[in-house]
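Single-structure report; data block below.
The values are calculated or read from the model by the stated rules, or taken from the named source; none is laboratory data. As the structure is a computational prediction, the values presented were derived from the model and not from experiment. All Cβ positions, even for glycine, are placed from backbone atoms using ideal geometry, and neighbour counts span all protein chains on display. Areas reflect the complete protein model, heavy atoms only, side chains present, ligands, DNA and RNA absent. Shrake-Rupley method; radii C 1.70, N 1.55, O 1.52, S 1.80 Å.
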Amino acid sequence: MNILRCSILLLMGLLAAGKSAVAQLTFAVYSQNYTEVTSYLGRETGDYFNNMHIQYQGTSINFPQWSVSVRLLSPIVPRYATNVSGKSFPVEKISFRFTQDDNQQLTLANTGATRNYVILPPANEAMLIKHAKEPIFLQEANNTHRQSTLSFSMKIEGGKYLDQYKNTDIYSPIQYGIPVLYTLYDRNGNVLGAHRVDYTLQIGNNLTDGNLIDVEPNYSLSIGAEASNASLVFNTLRDYEEGVTATYQDAVKVNALTGYELQVKALGNELTSEHGDPLNLAILTVSLSPGSKTKIVRSLPSVKLSNIDQVVLEGDGAGDKSAQFFNLNYRAKFTREQLKQVKSGAYHISLRYLLMPK
């Protein structure tokens, strides 16, 4: 039995972000920059390897529901050497995870920052923080100064694939440059700040622990970082009339040697806002659809959320323990009566996913 928790954020009645005539906002990411892989198990850096610094001062600042993204600027290629495969290093093997904060105004808890790994995508950008719960806010009579630091690690995935990215010179390690851009946005997608970081990844030629990797479990369940903190946003009249959807590709990974079922349950009787306003769970629907490497599926029902366990997937085991991937789909839609009563705001609910062998 494998259990995972996810959360859903429902945003309604969004207004334009407040702007300050007398304000200064500084955004930067400071890093130790260098990491080394000496084992097939990969490597995760220390908790304070990266430090995201947000500093602001003035008499009036208000940026609610801000976001921070990370994006690769160019392919990850060797420096001054040639690797075995002749290919660029696979970006999907690199991820980031928030670890610590400095207990100032913006913390990991009150911003809603995920503690799960966020994979660096080969194209576009990945959201490290999406629609933060705590605003960048300052309302003072004097020119006040505040700052917060959020720390996060960097992980290089382990595996035999690393052999393909060693140096062709068997006597020397190889180094790769990883140029990324971190961007701070307001809730309307306007850029508030950006900072480039150039990482150096070194891979040794004599990697250890080769007999401990690439072993798939008999049963396991994992859900991607972005899908673990899903957001459904109502922006327009059409959204309220037709509902909104959010789909996360290959978000659910299942390892199952035999037949199995996946269940979902809401951890609460209703969605609630920060002001205590309730929403009926039944406005939210959850379903899965086949992703990559999907085996035989018996059923993929669409279910309305409730506080009892419901089956959203029945499948057959892969037999060889290989992973199966599914897309995770959320939908929110109001009835006419519910629309008359709903209040604007951000509503939250946590879900529990449960994998059961059969």
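Structure above, values below:
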quantity	calculated
Protection proxy ranking of 154-163, 62-71, 331-340, 270-279 - average other beta-carbon atoms within 10 Å, highest first	62-71, 154-163, 270-279, 331-340
FRET efficiency, 1/(1 + (r/R0)^6) with R0 51 Å, evaluated for GLU337 and ASN205 via beta carbons	0.15
FRET efficiency for ASP102 and THR285, using Cβ-Cβ distance with R0 set to 35 Å, rounded to 0.05	0.30
Violating pairs (Cα-Cα greater than 31 angstrom) within the set LYS130/LYS358; LYS166/LYS295; LYS130/LYS333	LYS130/LYS358; LYS166/LYS295
CD proxy at 222 nm, helix term only [per DSSP H run n ≥ 4: -39500 (n - 2.57); per residue of the chain; nearest 500]	-1000 deg cm²/dmol
Neighbourhood net charge (13 Å Cβ-Cβ; Lys/Arg +1, Asp/Glu -1) for LEU284	+3
All-pairs Cα distance distribution in the range 196-293, expressed in whole percent, bin size 10 Å	10, 27, 28, 19, 13, 4, 0
Accessible-area composition of the chain, carbon plus sulfur, in percent [1.4 Å probe]	47 percent
Under 20 Å from the Cα of LYS340 - lysines, other chains or at least 8 residues apart	none
The chain: translational diffusion in µm²/s, Stokes-Einstein, Kirkwood Rh over Cα pairs, 37 °C, 0.692 mPa s	146 µm²/s
The chain, accessible area per residue, ligands and nucleic acids excluded (1.4 Å, Å²)	48 Å²
Computed over the range 100-243, the ratio Rg/Rh where both radii use C-alpha atoms and Rh is Kirkwood	1.06
